[in-house]
Structure formats: C-alpha cells, structure tokens
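Right, one structure below, let's go through it.
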Ligand code: BTN
C-alpha cells in the first residue's frame, strides 16, 4: 500500500484529525498524519500524551481493512513490532510491554493507540503512535511514569523525519503480511521481545486486577498469565505493571 503524508505543525491530536477528515483520504492507501506538536494528545485509558513541539514523533496511520480481517484486536501490537524492528536495525534493544508499549531499559519510549470505526463495507483504522525521540530530561520528568527518549538513551539527537520514513516503510510491509495472515507470523518475534517474561506482574483488564507470571503470548496476540493456582488466564487487553520483588 502507498503511504501518503499529511504534515501539520500543530494539531489537537493526530488521531482526532484523522477521524474528522477520513472521508477525504484515499481508502486504497495509508494516510499518515503527523505533527510537530499536539495540544491535546491522548493515549489509552483516556491518559494524556505529553506532546511538546519539535522533539518527538506524533503520527496516525489511517487505512481501511476488510470486515474479515483476522486478529484485529492485535493490530496495535503489529505497530509496536514495526517500531521495535526499526530500533533493532539502529542497534538498540527494545522490549515490548504487552500490549502496546515499546520500552528501552524498562522505561516507556513509545505507545500505540488503535481506534476503529466499523462500516458495512469495511473498517476504518486510526493507528496512533507516539515516540519520544529527542525529549530531554526536563520534559521526560513531566510524564507520570518512567519514560525515556531515543536521545536520552543514546546521547545524540535523532532526525525525526528520517525515523518516521523508516517506520512507514517497515509498517507498510508488516501490514501487508498482517492482512494476509493476521498476527500468527509475528508471534514468535513478539514473544521474543516481551518485557517481564517470567516475572510477576499485575494486569488490570478494566474490571479486575490479575496477578501472575507473565508467561507467553497466544498465536493471536493475547497474553497468558500463569496464576498462583497454576491455571493460565488469557487476557485480550489490559494494562500491566511489574510487581517488585520483596
Ligand atoms: C499510549 O501509550 O497510551 C498510547 C499513546 C498514543 C499517542 C499517540 S501520539 C499520536 C496519536 N495522537 C494522539 O492523540 N495519540 C496518538
């Protein structure tokens, strides 16, 4: 699929922009709305996404999928893998905190937010990605969880435009594979990058908090938790935190 760029200097949120303007986008291609700054960027669970000017990547990939798409609930995980593959090619060692975060050194580097709109003839996808690229320590300290940026980890500034192009290329290839075979071909790669594997985690599924060992990923992208009663509990979505030992 071709990728068309829409670059904005300032926007409330690239996801909101895409949702407002999607009828103007070509349904046969991927439209990537990216901005230098967001004034109302948001993440999963209605959290704010800190989006200062000219230092990070804020982008929404808009495209359409068929109603028959396999493993749709795991589409955001494909983007976390695309980001991770780009970073690995740059010599870094990212981990993926299931379901949608990319980490470096156990700190959040990137987050993915997947929003959908169902129609009788297909699904509109609004796949938002925020990557902390050149954010300095002062800015990072404003984030309400341990967070990092590429410049903070590597000691040098990164070219955001070059990085976004690499991500677009990687994601376009990954999406083609996903459209044909769903999450399955990405499964082992994802499991290899899974953060906290073998460690005790808490996982909130929106109703209940589960505690168990972060065990594995199913072939369609769900998380298997190994509980104290020796049962496996499989989670389709949720928010995990590591339980510190002791
Ligand atoms: C999360 O970790 O909770 C997901 C964060 C997603 C942030 C990106 S930045 C670009 C796009 N626009 C938004 O308002 N949110 C996403």
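The values are calculated or read from the model by the stated rules, or taken from the named source; none is laboratory data. Here the structure is a predicted model, which is why all the values come from computation and not from measurement. We place every Cβ from the backbone using ideal geometry, glycine too, and count neighbours over all the protein chains shown.
Scanning segment 42-50 turns up no residue that is in contact with a helix residue (DSSP H, G or I) (Cβ under 6 Å, 6 or more places away or on another chain), at pLDDT 95 or above and assigned by TED's automatic domain parsing to the domain that holds residue 159. Taking residues in segment 137-156 that are under 15 Å from residue 90 (Cα atoms), and partners anywhere that are exposed (fewer than 10 other Cβ atoms within 10 Å of the Cβ) and at pLDDT 95 or above, the pairs with Cβ atoms closer than 9 Å and at least 6 places apart or on different chains are 150/156; 154/91.
Among the candidates 224, 192, single out the residue that is surrounded by 13 or more Cβ atoms within 10 Å (Cβ to Cβ) and on the phi < 0 side of the Ramachandran plot.
224
Among the residues of segment 125-154, just one is within 12 Å of the ligand (Cβ to nearest atom), farther than 19 Å from residue 60 by Cα and not in a loop (DSSP other than H, G, I, E, B), namely 147.
When you scan segment 236-246, do you find a residue that is over 19 Å from the mean Cα position of the chain (by Cα), at pLDDT below 95 and on the phi > 0 side of the Ramachandran plot, even just one? Scanning segment 236-246 turns up at least one residue that is over 19 Å from the mean Cα position of the chain (by Cα), at pLDDT below 95 and on the phi > 0 side of the Ramachandran plot. Has segment 1-19 got any residue that is part of a loop (DSSP other than H, G, I, E, B), modelled with pLDDT of 95 or more, more than 10 Å from the ligand (Cβ to nearest atom) and in contact with a helix residue (DSSP H, G or I) (Cβ under 9 Å, 6 or more places away or on another chain)? The answer is no; no qualifying residue exists.
Quick check, is residue 141 exposed (fewer than 13 other Cβ atoms within 10 Å of the Cβ) and in the same structural domain as residue 71 (by TED's automatic domain parsing)? Spell out the reasoning first.
Values: exposed (fewer than 13 other Cβ atoms within 10 Å of the Cβ): yes; in the same structural domain as residue 71 (by TED's automatic domain parsing): yes.
Spelling it out, residue 141 is indeed exposed (fewer than 13 other Cβ atoms within 10 Å of the Cβ) and in the same structural domain as residue 71 (by TED's automatic domain parsing).
Can you find even one residue in segment 202-219 that is touching a residue at least 40 places away in the same chain (Cβ under 8 Å), outside the structural domain of residue 92 (by TED's automatic domain parsing), buried (at least 16 other Cβ atoms within 10 Å of the Cβ) and more than 30 Å from residue 54 (Cα to Cα)? Yes: segment 202-219 contains one or more residues that are touching a residue at least 40 places away in the same chain (Cβ under 8 Å), outside the structural domain of residue 92 (by TED's automatic domain parsing), buried (at least 16 other Cβ atoms within 10 Å of the Cβ) and more than 30 Å from residue 54 (Cα to Cα). Strands (runs of 3 or more DSSP E) fully within segment 43-117 that include at least 2 residues being more than 15 Å from the ligand (Cβ to nearest atom): 57-65. Under 16 Å from residue 88 (Cα atoms) and either part of a helix (DSSP H, G or I) or outside the structural domain of residue 98 (by TED's automatic domain parsing) (or both), is that true of residue 179? Taking the combined requirement at face value, the residue does not satisfy it.
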